[in-house]
1. Which GluC sites (Glu not before Pro) from region 5-68 combine a DSSP loop assignment with at most 14 other Cβ atoms within 10 Å?
2. Just add up the charged neighbours of R44: K/R +1, D/E -1, any other residue whose Cβ is under 12 Å from the Cβ of R44.
3. What does the charge count near K11 come to, summing +1 for each Lys or Arg and -1 for each Asp or Glu among other residues with Cβ under 15 Å from its Cβ?
4. Taking springs between alpha-carbon atoms closer than 10 angstrom, which of G96, G33, G50 fluctuates most in the Gaussian network model of the chain?
5. Just to verify a number: FRET efficiency for V37 and A131, C-beta to C-beta distance, R0 = 45 Å, to 0.05?
6. Report the net charge of residues surrounding I147, where surrounding means a beta-carbon distance below 14 angstrom and charges are Lys +1, Arg +1, Asp -1, Glu -1.
7. How far is it, in nm, from the label point at T81 to the one at V114 when both lie 7 Å from their Cα along the line to the Cβ?
8. Mind checking the log10 I(q)/I(0) for the chain at q = 0.19, 0.20 Å⁻¹? Debye, one equal scatterer per Cα, no solvent, two decimals.
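Coordinate-derived values only; no laboratory data. Because the structure is predicted, anything quoted here is derived from the model rather than measured. Here the Cβ is made from the backbone with ideal geometry for all residues, glycine too, and neighbour counts use every protein chain on show.
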Amino acid sequence: MLPPIEVPAGKLEALVRRSLTEQHERLVWAEAGDEAVVHLARTRVSIRTGMVLIAIVLQTDDTEPTELVVPLAIGTPQDITGLLAVTPRAPEGPAGLVLQWGDAVIAAAWGALVEVVTEFTGAAGSDERGAPLQAAALVAQDEVLGIVLQAEPNVRRRGGGP
């Protein structure tokens, strides 16, 4: 197995923030007549053993800027779970914001993390056949995200099957 790419928490935060702010440092989400300003440039990321936490800041007419935290449970170097990430049904934060905007916050956090991992694997090189390396697992420990790499599976198709 190849050694994992190690991404320290500070670098991961900067890359997640960059992923979210490629177009704007803040934007407005609108749904069912309600609006929230999303302060993308204030996004925070922390890493704990087996967990990546992404905090996205929202503000409405009724609230000050408030973090909603998405805990993404992933594997550890001792307990590799592949590319599986598990999160609660709703992020952590005030009930009103979570009820209205929780799904969007989870989608934004996960999308940004996937984009960062894809960027790293794309730059990781290729196997002996020239095929690009792929992410096989995500692990977290000691404020470091590990991206475990693998060569593209060598699968040959025979006959008329899919």
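1. E22, E25
2. 0
3. Summing Lys and Arg as +1 and Asp and Glu as -1 gives -3.
4. Of the options given, G33 has the highest mean-square fluctuation.
5. 0.55
6. -2
7. Simple spin-label model gives 1.7 nm for this pair.
8. -1.13, -1.21
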